[in-house]
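The values are calculated or read from the model by the stated rules, or taken from the named source; none is laboratory data. Values in this document were obtained by computation on a predicted structure and should not be read as measured data. With ideal geometry, Cβ positions are generated from the backbone for all residues, glycine too; neighbour counts draw on all protein chains shown. With ligands, DNA and RNA removed, areas are computed over all heavy atoms of the protein, side chains included. Shrake-Rupley method; radii C 1.70, N 1.55, O 1.52, S 1.80 Å.
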Amino acid sequence: MKVGTDAILLGCLADVSGNAALEVGCGCGVISLMLAQRFQSLKITAIDIHKPSVEEAFENFQNSIWNGRLSVENKPLQEFSANFYDKFDAIVSNPPFFSKSLQSPNTDRTNARHATTLTYDNLILCSEKLLTPQGKLSVIIPMLEYANFQKRIAQSKLQIHRILHVFGANKENPKRAILECGFEKNPLVEKSFFLHNNSNNYSDEYLELTKDFLFLNHNK
């Protein structure tokens, strides 16, 4: 699975506090690596059901300078949460998001992109069990799935604390939402983030956000 803009945004913007984090559906491990770079005392556990991705993440973790704080397991979240009894200060996920759309004939791609093996209900219910009382669940989802995710959250013990509306080339309608959820009854904070400027090059905001991770310029 290629590294995408969604993963980069979540890796840069997830607000993580505490000492222990879990990444659900880690792929090659890029979000975990970014969190390890941002938070120098954070220990991160990553999980994924796709064995080749877990092997790739393991190799990436071992070759990083943060290898002592990174681990990865080849397990679905449901199995992991049923057998794990410690708590996490943060859970981050770029989850499978196409819940109703046409599925790819490629099984690996379907499992990575469609909510067939990890539904929003699974993610939210397992997060309720695994998070500390002050812990946060941070996800990035398409705006088309926002109403569905919001409905699932409303039926849980969690609530949405923060929404970042991410705009792409279309400045009128956001394409993604980064959501931060927790148990505490905090007022909702909503903000906007623009990937591109009026010339459809990377915005100064995006260049500044990613400067510690990516080599970009205004003409890309």
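Distance between the pseudo-spin-label points of Thr5 and Glu184 (7 Å out from Cα toward the beta carbon): 3.2 nm. Each of Asn83, His161, Asn201 was scored by the projection of its Cα onto the charge dipole of the chain, and the greatest displacement toward the positive side belongs to His161; charges sit on the C-beta of Lys, Arg, Asp and Glu. Listed values (i) 0.97; (ii) 1.12; (iii) 0.94 include one computed from this model; for Rg/Rh (Cα atoms, Kirkwood Rh) that value carries the label (iii).
For the chain, relative contact order (Cα pairs under 8 Å, six or more residues apart, normalised by length) works out to 16 percent. On full extension, the segment bounded by Thr119 and Ser41 gains 25.0 nm, given 0.36 nm per residue less the C-alpha separation.
Could you size up the charge dipole of the chain around its Cα centre, putting +1 on the beta carbon of Lys and Arg and -1 on that of Asp and Glu, and report it in debye to the nearest 20? It would help to have the intermediate numbers written out before the result.
Details: 23 positive and 23 negative charges, 74 e Å.
That gives the chain a dipole magnitude of about 360 debye.
Excluding ligands, DNA and RNA, what is the solvent-accessible area per residue of the chain at a probe of 1.4 Å, expressed in Å²?
Working: 11330 Å² over 220 residues.
Accessible area per residue, the chain: 51 Å².
Placing +1 on each Lys and Arg Cβ and -1 on each Asp and Glu Cβ, with no other charges, gives segment 115-220 a dipole about its Cα centre of roughly 200 debye.
Quick one: dipole size for segment 1-69, taken about the Cα centre, charges +1 on Lys/Arg Cβ and -1 on Asp/Glu Cβ, in debye to the nearest 20.
On the way: 5 positive and 7 negative charges, 34 e Å.
Roughly 160 debye for segment 1-69.
Summarise the accessible area of the chain (1.4 Å probe, protein heavy atoms) by the percent that is carbon and sulfur. Intermediate results must be reported in sequence, preceding the final value.
Working: 5640 of 11330 Å².
Carbon and sulfur: 50 percent of the exposed surface of the chain.
Other residues with beta-carbon under 14 Å from the beta-carbon of Gln155 carry, at +1 per Lys or Arg and -1 per Asp or Glu, a net charge of +1. Can you tell me how segment 118-195 classifies by the Cα gyration tensor, rounded, prolate or oblate, using a/c under 1.5 as the rounded cut? Taking the square roots of the gyration eigenvalues as a ≥ b ≥ c, segment 118-195 is prolate. Beta bridges per DSSP, both residues in the chain: antiparallel share near 40 percent. Pairs from the table (Lys75/Lys185; Lys2/Lys136; Lys129/Lys151) lying more than 21 angstrom apart at Cα are Lys75/Lys185; Lys2/Lys136.
For segment 11-23, 3J(HN,Hα) computed residue by residue from phi via the Karplus equation (6.51, -1.76, 1.60; θ = phi - 60°) reads x, 7, 10, 4, 8, 10, 10, x, 10, 9, 9, 10, 9 Hz, glycine and proline entered as x.
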